[in-house]
Every structure is written in C-alpha cells, then in structure tokens.
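Report on the following structure.
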Amino acid sequence: MKKISKWILLLLLLFVLVGYMTDWSSSKEMPSVKGFENDRSQSLLSPERIVNIAHRGASAHAPEHTLVSYEYAQKMGADYLEIDLHMSADGELVAIHDQSLERTTNHQQLVSEMELKEIKELDAGSWFNQKNPSIAKESFDHLEVPTLTEVIEHFGNEANYYIEIKAPKLYPEMIDKLLEVLSAHNLLGKDRREGSIIIQSFSAEALQKVHNQDPSIPLIQLMKQPPKDLNTVKQYAVGVGINYKSLDLKSITELREAELLVHAYTVNHPEKMRQLLEWGVTGIFTDYPDVLAGILE
Ligand code: G3P
Ligand code: CA
C-alpha cells in the first residue's frame, strides 16, 4: 500500500512539472501583446481604425469580382471593396483577377485579347457553383464580368474602393485610364471623402507614377515580405499590403513605428485574424468579411 502511494505521489509531481513546463514554453513562444482596438470614429486611413477589406468581394460566398460578391461584402460589414484590374482590347478597365478569362468565366482567352462587349457576354458565375456545390445558387449562373465604372456606378460614392493596378507593364495606358474613371466619378481631388479610394500595386513604379500625378491619392505598396527599406516606401505610400504568412509581431511593430499602415493579405482563418490584429495590423484582406466583421465587433 505504501509503495502504491509513493508511485501516485511521484506521478502527481510529474504532472505538475509537465504542466509548469508547458506553460513556461508557450509563454516563451507567444510574444506578449496588448489585444487590439478598433476606433470606428476615426478615418479609414487612421492607424487607430482597422479596415475590413473584402478581397475580390465576399469571394468565399459568391463568385469573385461580380456585383453580387461586392453586394454581399457590403452587407457583411466590409469597409472596402477590393478590385483587381485588367484591360480589354478596346481599353476598358475590367474587374478581374487573372490575366486570362479561363478560371473565372466560360472562355479561355486573355482579357486583353477581347473587346468589352465580348467579355460582357461571358458567364462569370457558373464556375463558382461547380467548385462550391454546397453553397451554389442558381442566381450566380451567368453573372457578368463588371467594369470598374459599373462597380463604382452600382455602389456610388458612399462605398470605399481598394483598387489594384495589375500588370502595369502589360497595360501602359492603365494608370491614365484609372485616374480618368476616378475623376469622372468625383473620387479624385479635394471633394473626395477621406479613405474612399486606395490604390494598391506590387509595382513600385506604377505607384510612383500615380503619386507623381496626384500625391493626395493614398497608395499601398503590395509585397510578399516586409520591406527592408521603409523610407523609400514612405516617400509615396501610406502603407504596405503584405502576405500574412511573412508577418510577425516584430515586423508589424517596425512598420507601425515607421508610421506605415499595415494591411495583411489574404486571411481567412479567424484565429489568424485575431493574432494579426493583436500584433497590430491596421487592416486585413479577407474572402470572409463577415468573419472579420464579427471579430472586429
Ligand atoms: O491585393 C492584395 C491581394 O489581393 C494580393 O493578392 O493575388 O489576390 O491580388 P491577389
Ligand atoms: Ca488584389
């Protein structure tokens, strides 16, 4: 009997020791963070305000880059409608992610090879139903590829647009055309509501060109990893959009201390969203604006 109690005592001691070591090691791995605050009274460009960027619309719920996907995003509480741009053969700005129409329509050519009226005839929704049968909707079939102008005219000047210049080398006229469309819809100049548009690109050259034409436009430099030279980015951009996988507390703190906004792309898991927010990001691109809105509440 005495022997058994000794073993029980030893086992108990072992449990306590293992428990203590586990706590100790996890507190070593997880840096201490303060949590996050989202001050919705602040401008969308304030570092105190965390922005919910609907990546290609609410693209987990509806076919990306369609008006329906953007409508869902608005209803789900997104601050920004994220729009990627390509150009049709006749020079119209089209809201679509890929250079090719193949993945998101029923046609295989490049956007740049087709005139707008041909692109408008394509079905930009059925692929989503085929890929996601559990959330498929008949109403998604035959949705159109929208132009930038159509998106802006549909959602008006109350919505906020986060527009990406894709492949600027492929489309030398894209920047002029973009500024022309924004200007025609009162989204440039002093009458613009603060934060109502952001222009983003992986191309520093494209962003610098926009900055030279209108230094008041807020620009986000997209990058796969945090920049080494923060000062260069600061000369033209208000912040950076970075792949969330390469962000951590240290890099986010450095960027925030340099007074850059930090928007992480593309984050779909709630736990990862929470962690990035606790580390100090000021915005998140997500296919699930509803999930992010729930966390930000
Ligand atoms: O624009 C930020 C993020 O959307 C970049 O990735 O490929 O989805 O445009 P991508
Ligand atoms: Ca994008």
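The values are calculated or read from the model by the stated rules, or taken from the named source; none is laboratory data. Remember, predicted model here, so these are calculated numbers, not experimental data. Using ideal geometry, Cβ is built from the backbone for each residue, glycine included, and neighbour counts are taken over all protein chains shown.
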- Query: Among 227, 168, 218, which is the only one that is within 17 Å of residue 259 (Cβ to Cβ), at pLDDT below 95 and within 21 Å of the chain's Cα centre (by Cα)?
  - Reply: 227
- Query: Which residues, counting only those in region 77-105, are surrounded by fewer than 20 Cβ atoms within 10 Å (Cβ to Cβ), assigned to a loop (DSSP other than H, G, I, E, B) and either within 16 Å of ligand 2 (Cβ to nearest atom) or free of Cβ contacts under 8 Å to residues at least 12 places away in the same chain (or both)?
  - Reply: 97, 98, 99, 102, 103
- Note on the structure: The condition of being of a type in the set (A, V, I, L, M, F, W, C) and either modelled with pLDDT of 60 or more or within 23 Å of residue 131 (Cα to Cα) (or both) holds, among 1, 87, only for 87
- Message: One residue is enough: does region 257-274 have a residue meeting the conditions closer than 24 Å to residue 205 by Cα, more than 16 Å from ligand 1 (Cβ to nearest atom) and without any contact (Cβ under 8 Å) to a residue 40 or more places away in the chain?
- Response: yes
- Within region 118-130, work out how many residues are within 24 Å of the chain's Cα centre (by Cα) and more than 17 Å from residue 98 (Cα to Cα). 1
- Can you name every residue in region 180-202 that is closer than 23 Å to residue 99 by Cβ and surrounded by fewer than 18 Cβ atoms within 10 Å (Cβ to Cβ)? 180, 202
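Results for (1) under 26 Å from residue 284 (Cα atoms); (2) charged (D, E, K, R), shown as yes or no for each residue.
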{"position": "53", "(1), (2)": "yes, no"}
{"position": "71", "(1), (2)": "yes, yes"}
{"position": "79", "(1), (2)": "yes, yes"}
{"position": "112", "(1), (2)": "no, no"}
{"position": "147", "(1), (2)": "yes, no"}
{"position": "151", "(1), (2)": "yes, no"}
{"position": "154", "(1), (2)": "yes, no"}
{"position": "158", "(1), (2)": "yes, yes"}
{"position": "162", "(1), (2)": "yes, no"}
- May I ask you to list the residues in region 59-87 that are among the hydrophobic types (A, V, I, L, M, F, W, C) and under 11 Å from the mean Cα position of the chain (by Cα)? 78, 81, 83
- What number of residues in region 177-215 are in a loop (DSSP other than H, G, I, E, B), within 21 Å of residue 78 (Cβ to Cβ) and either in contact with a strand residue (DSSP E or B) (Cβ under 9 Å, 6 or more places away or on another chain) or within 16 Å of ligand 2 (Cβ to nearest atom) (or both)? 3
- Message: Filter region 216-231 down to the residues that are free of Cβ contacts under 8 Å to residues at least 40 places away in the same chain and either within 13 Å of ligand 2 (Cβ to nearest atom) or closer than 18 Å to residue 166 by Cβ (or both) and list them by number.
- Response: 217, 219, 221, 223, 224
- Mind checking which helices (runs of 4 or more DSSP H) fall wholly inside region 216-288 and carry at least 3 residues that are surrounded by 16 or more Cβ atoms within 10 Å (Cβ to Cβ) and aliphatic (A, V, I, L, M)? 249-257, 270-279
- Note on the structure: Taking region 156-176 and keeping only residues that are within 13 Å of residue 83 (Cβ to Cβ), in a loop (DSSP other than H, G, I, E, B) and within 16 Å of ligand 2 (Cβ to nearest atom), one is left with 160, 166
- Residues satisfying the stated conditions in region 129-143, i.e. over 16 Å from residue 58 (Cα atoms) and either touching a residue at least 60 places away in the same chain (Cβ under 8 Å) or in contact with a strand residue (DSSP E or B) (Cβ under 7 Å, 6 or more places away or on another chain) (or both): none
- Query: Among (1) free of Cβ contacts under 8 Å to residues at least 24 places away in the same chain; (2) within 17 Å of the chain's Cα centre (by Cα), where does residue 49 come up short?
  - Reply: (1)
- Task: Go over the candidates 118, 144 one by one and state the one that is in a helix (DSSP H, G or I) and more than 30 Å from residue 41 (Cα to Cα).
- Result: 118
- Query: Yes or no: residue 156 at positive phi and at pLDDT 95 or above?
  - Reply: yes
